[in-house]
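Each remark here refers to the structure printed beneath this line.
The values are calculated or read from the model by the stated rules, or taken from the named source; none is laboratory data. As the structure is a prediction and not an experimental result, all values here were calculated from the model. So basically every Cβ, Gly included, is an ideal-geometry build from the backbone, and we count neighbours across all protein chains shown. Protein only, heavy atoms only, side chains kept; ligands, DNA and RNA dropped before computing areas. Shrake-Rupley method; radii C 1.70, N 1.55, O 1.52, S 1.80 Å.
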Amino acid sequence: MRYVHTSISVLFLAFLFTGCKKEFTGLSSNANEIFWVTNKGADMPVRVMGNTSSKIIILIIHGGPGDGSYDYANYETKRLRDKYGVAFWDQRNAGAASGTNNIDKLSLPQMINDLELVVKVLKLRYQGADVFLYAHSFGGLLATGYLVKDSNQNQLNGWIEIDGAHNYPLSNTSSRKMLMDTAQSEINKGNNILQWQKILSYCSSHDPLSTYEISSQIESYAHDAENYMGIERKNSILTLAEDPSDQLVNYYNLFYTSSGNDFLQSLESANYSDQLYKIKIPSLLLWGQFDFTVPPDVGEDGMTNLGSAYKKLVFFPHSGHHPMETETDLVEDEIIAFIETFK
Amino acid sequence: MKSVLPSICLLFSITLAAQDSAHIQRPVFLYGLATYDLPKSYGFSIGTSFPFGSKIKNLTSSEKDEFVSAEFGEYRHPYGYTSIIFNAGIGIRYVRSPQHFTELCFHQGVMRTVYDGKVYEIDQYGNIKELRFFGRTYLTTGFSYSLNWALHNRNQNLWFVQLKPSAWAQYPYNSFLKLHLSLQAGVSYRLKNINVRSRSKHNYSS
């Protein structure tokens, strides 16, 4: 009987220590809390870190698709977290977002709907807070899709697009052109001749608008090109998700299932350039000068077409597709100045 | 002529195997383990295993006990979820000395997650509502291999230290399966012996 009592006590204590939950405890200068938004089969975590007592929330819309927001919860947003609350949202079938059978729901309109819910919940949870979007790469496409829909933009004080792919066809054609121009220039200079010749040869004979496979190969060369130009990222692919198993599942779904492939192929024609005029809120566009994946032409396109009274495009001369990693201080300076102006 | 072939055979080494069937007393175990699930989850589990068969090899003195097991566990992924798991398993225990045995077990179970923090959903009228204790139910399948060492160097060992690595899958997770690698450590307790059917294998050599 003594054993039974001891065992029950040990079990109770173990459950008490391991089963606790982080609840929202109000605004804080050093918040670290989580909530979830569940929608159409996907349970998406939103981890809020930093200074929520500022009543300013920056919502990270990560790239990918399929990557995760954990990648941004490092030094890239350290100063932003000191000053503001930063919400790290994992999109459906990305990061630690979970669910049972949901891959068939993966589509851009569904993800835009998810983002609508996330912003609504943020506004409810942090009542009176100013919300800014921080959209990177694929997140740029998702954010523009959200902003041009209905009156969604009225929920926000402004948005920041960092190397955002709001126009995939333009991004693909510009990527090819930039790769070919740079390849020729680097070959003439005698830098990485064999590597650049391979890229030049492929890009000269393949149109990224013709098939998804060609577009993917050119994107792969675009990442290589950054390395050849001496742009070194500090992060690795292993940091994309907190749990590598989640990342395996997400990538498997995207690249090895018909639903994932259909989704990726549908993005190849996604283009919001002709609707950017609808966006009236302040816009800050930050671009790496050596971004071969979503080239500076796409940023220029944003500047031309956005309907915002305030819009600013900043190029970072020592960056590729991830200026927040390679020129962190300058990127954060721009973001802080932007938020302080429009909060 | 009939005796020629057996006579030739006698020139070589011959092994004859005979198998007896009987009943034997084998132990029921209880165990309690702390769990670490990569990369950062932790929890505990308790379980029991019941023998239902045994194989004994007389020459090597090795014993193989077949058992079924049931395990209840809980683990927590910080800033993620808390999960409760119930597993049923079938396995083989290899006993090579009174101080040490190992177990290989295949298990199948059910897992229920409950997310950390509040969970929000929008209803059909566009209102945000909070869901209490929201989570998902998954199936689990996996293998574990446990190593057990007696805590006392005597024949009547009751307590064993157990170390149990395991690999298991949770599914359907985002329409696929999520792999887990876990390491469990704790103690197992030899509760009592019960009668099981034993098959003894005797080898005779010439």
Being of a type in the set (Gly, Ala, Ser) and either surrounded by 19 or more Cβ atoms within 10 Å (Cβ to Cβ) or part of a helix (DSSP H, G or I) (or both) is the filter here, so list the residues in region A:150-177 that pass it. A:158, A:164, A:165, A:171, A:174, A:175
Determine if region A:236-256 includes at least one residue that is within 30 Å of residue A:343 (Cα to Cα), more than 21 Å from the chain's Cα centre (by Cα) and assigned by TED's automatic domain parsing to the domain that holds residue A:73. no
Exactly one condition in (1) of a type in the set (A, V, I, L, M); (2) open to solvent by less than 70 Å² (accessible area, probe 1.4 Å); (3) at pLDDT below 95 is false for residue A:147; which is it? (3)
Would you mind finding the one in A:272, A:221, A:277 that is at pLDDT 95 or above and either touching a Lys or Arg at 6+ places or on another chain (Cβ under 8 Å) or not assigned by TED's automatic domain parsing to the domain that holds residue A:315 (or both)? A:221
Those residues of region A:82-111 that are under 17 Å from the mean Cα position of the chain (by Cα), in a helix (DSSP H, G or I) and crowded, with 20+ Cβ neighbours inside 10 Å come to a total of 1
In this structure, is residue B:31 within 14 Å of chain A (Cβ to nearest Cβ), touching a strand residue (DSSP E or B) at 6+ places or on another chain (Cβ under 8 Å) and touching a residue at least 60 places away in the same chain (Cβ under 8 Å)? yes
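Yes or no, residue by residue, for (1) within 21 Å of residue A:27 (Cβ to Cβ); (2) touching a Leu at 6+ places or on another chain (Cβ under 9 Å):
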| residue | (1), (2) |
| --- | --- |
| A:61 | no, yes |
| A:74 | no, no |
| A:77 | yes, no |
| A:97 | no, no |
| A:101 | no, no |
Residue A:128 meets each of (1) in a helix (DSSP H, G or I); (2) away from chain B (no Cβ under 14 Å); (3) surrounded by fewer than 19 Cβ atoms within 10 Å (Cβ to Cβ) with one exception, condition (1)
Confirm whether residue A:140 is open to solvent by 20 Å² or more (accessible area, probe 1.4 Å) and more than 9 Å from every other protein chain (Cβ to nearest Cβ). no
Restricting to region B:10-35, and then to whatever is open to solvent by 60 Å² or more (accessible area, probe 1.4 Å), modelled with pLDDT under 80 and assigned to a strand (DSSP E or B), can you tell me which residue is nearest to residue A:242 (Cα to Cα)? B:23
Output the qualifying pairs, or none if there are none: Cβ atoms under 8 angstrom, residues six or more apart or on different chains, first residue in region A:219-244 and closer than 15 Å to residue B:39 by Cβ, second residue modelled with pLDDT under 75. A:244/A:238
Return yes or no: is residue B:135 small (Gly, Ala, Ser), touching a Ser or Thr at 6+ places or on another chain (Cβ under 6 Å) and closer than 30 Å to residue A:124 by Cα? yes
For residue B:181, state whether it is farther than 30 Å from residue A:256 by Cβ, of a type outside the set (Val, Ile, Thr), open to solvent by 40 Å² or more (accessible area, probe 1.4 Å) and modelled with pLDDT of 95 or more. no
For residue B:121, state whether it is open to solvent by 80 Å² or more (accessible area, probe 1.4 Å), within 13 Å of another protein chain (Cβ to nearest Cβ) and either at negative phi or among the polar types (S, T, N, Q) (or both). no
